[in-house]
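Working notes, beginning with the structure itself.
Each reported figure results from applying straightforward, stated rules to the coordinates on display, with no laboratory input. Everything numeric here is computed off the predicted structure, so don't read it as measured data. Cβ atoms come from the backbone with ideal geometry, glycine included; neighbour counts cover every protein chain shown.
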Amino acid sequence: MLTSVQDLGRWGLQARGVPVAGPMDEYSHRLSNRLVGNPSTAAALEITLIGPEIRATNDLLCAVAGATFPLAADGHPVAMNAPFLLRAGASLRFGSRERGARASVAFRGGLDTDPIFGSRATSLIARMGPFDGRPLRAGDVLSVGDAPSEHRHQGTHLGFAIPAGGARVRVVTGPHVEMFTPAAYETLFRERYTITPQSNRMGYRLEGARLAHRDRADILSDATAIGSIQVPGSGQPILLMADRQTTGGYPKIATVISADLPLAGQLAPGDWIAFKPCTRDEAHAAARERFGPFYGSHR
Amino acid sequence: MEPFDVVAAGDGALVLRCSERIDPDVNAWCVAVASALEQDLGTAQRDVVIGYCTVTVYFDPVLVDSVWVEDRIHAVAMDVRIEEQSEGGIVDVPVCYGGEYGPDLADVAAYGRCTADEVVTRHASQEYRVYLVGFVPGFAYMAEVDPTIAAPRRPSPRTAVPAGSVAIAGGQTGIYPAVTPGGWNLIGRTLLLPYDPSRREPFLFRPGDRVRFHPVAALGMGSDPAVFAPPVSKRVGSDPRADG
């Protein structure tokens, strides 16, 4: 079980070595907040593979989005992707995971931990954030902030199809295109890779067909974007995820587009992942389609 | 101006790249470009990150058009003037070398075919440039170490390097800000941590700073704030903000 507090991430200090962190599935984070009338910037819980038991000490309006679980509030089944009331003294329980890897649990008002550099995101690698950047454990108590003055939740959001067993995600090539052979790109776009158990919020170590460098497998350290597929000398790629370190010294063959990062965030060890090239224009259009509904007056 | 190109890192980041080498002039130009880009792009950027010879600009791909950002990067980079380059501050770091604090000092001496004292002298007798800050909060990549003591990374990394450890890996030297895994050669330790959230300025280093190491006989000596204070920077740290 790995449950942590996340918001949209600790941006602005990567030049000081501070990881961004934030949700592995930004779409479900935004959706769960939207369902309880919070802005996307509100902090929510990210749960991984196995759900915790959450007991309310006050009446709470909650919503769960992302990986699908049977849910029970005070012993009664409740639906995912819809707001529900958790009465004071009642518990929210998660059944066995059905699809996906991570769910976001939002509470109307947002989790009210002390922000660190303006963010409530938990960076496990930097041990920064609520509870000194550690995962939550039994007995931890969290406060919920004041409810937003207006509730602008409109319509229903079905989210995206949560993957079961694997996903094909789109990538933009580069930034280090010139460091890989054309054959490496053919391999990358043809083969499926397996997410190994040595995978976590920082990145997924993938196993599959080797990706060949032209000559060397190291670079002078530069910034590491979320979704970067870096390839060390072994030729086995590593997909960098939300809690990646800010810089790295391996060349990056391609980068998963923003719109498809939530799909990647829903994969678990043992699942497959495949990569499909797309253009920057297609990537922007896909990002607007995926996240656009959360922008505007109520971000 | 340095020759450069601009490449995409996905749909939310663009990378300005200079020729790939550890060169103080290239890095200083990158520092100047990064600073100018922060000003120019304002809230259109969410982060500007300096590498040895790169500047990466992050932006929100829903709100900001990457073609526009690319145009701005070209325009700003062509326009940056040498006098805008920030010289950075000077940071003095007291280091207790060797013994329990520098378990790899003997290995570095063996690499350099010299005595441990000579390693200390060579390490502490020059100024280093902070090329980038990354890996974990506050970790500064400094170069270039005297080639005679530039011992490569250890074959197998330690699982837990103590905070404040001063280390060498090839031409680079640095200080571990917190207990982390690490493969660099540990030659000493300081109490002046690169990241200390209780300090008024939590981050000790920024790219472009120059660093001097001063041997002290015992850990904690030389920590007189009058002598060893974090530099007072003219620039205020980038404005951390939650993003929508």
*Mind telling me which of B:A151, B:A36, B:A160 comes out most flexible in a GNM of chain B, alpha-carbon contacts under 10 Å?*
B:A160
*asked:* Using only the alpha-carbon atoms, how far is helix A:26-35 inclined from the longest principal axis of chain A? Give it as 0 to 90 degrees, nearest 10.
replied: 20
*Check the cysteines of the protein assembly as shown one by one and keep only those with no other cysteine Cβ under 4.7 Å from their own.*
A:C62, A:C278, B:C30, B:C96, B:C114
*Residue among A:A259, A:V169, A:G249 farthest towards the positive dipole end of segment A:143-278, charges placed on Cβ*: A:V169
*With +1 on each Lys and Arg Cβ and -1 on each Asp and Glu Cβ, and nothing else charged, work out how big the dipole of chain B is about its Cα centre, in Debye to the nearest 20.*
780
_Distances longer than 21 Å among the Cα atoms of segment A:166-294: what percent of all pairs is that?_
34
_Label point at A:S234 placed 7 Å out along Cα→Cβ; residues across segment A:201-227 whose backbone nitrogen lies under 14 Å_ = A:203-211
*Antiparallel DSSP beta bridges within segment A:166-294, as percent of all bridges there, nearest 5*: 75
*Hand me the trypsin sites (Lys or Arg not before Pro) from segment A:15-112 located in a DSSP loop with no more than 12 other Cβ atoms within 10 Å, in residue order please.*
A:R87
*Is chain A rounded, prolate or oblate when judged by the Cα gyration tensor, a ≥ b ≥ c being the square roots of its eigenvalues, rounded requiring a/c under 1.5 and prolate requiring a/b larger than b/c?*
prolate
*Most fluctuating residue of A:H176, A:H76, A:H29 in a GNM of chain A with Cα springs under 10 Å: which is it?*
A:H76
*Report Rg/Rh for segment B:4-84, rounded to two decimals, where Rg is the Cα radius of gyration and Rh the Kirkwood radius.*
0.94
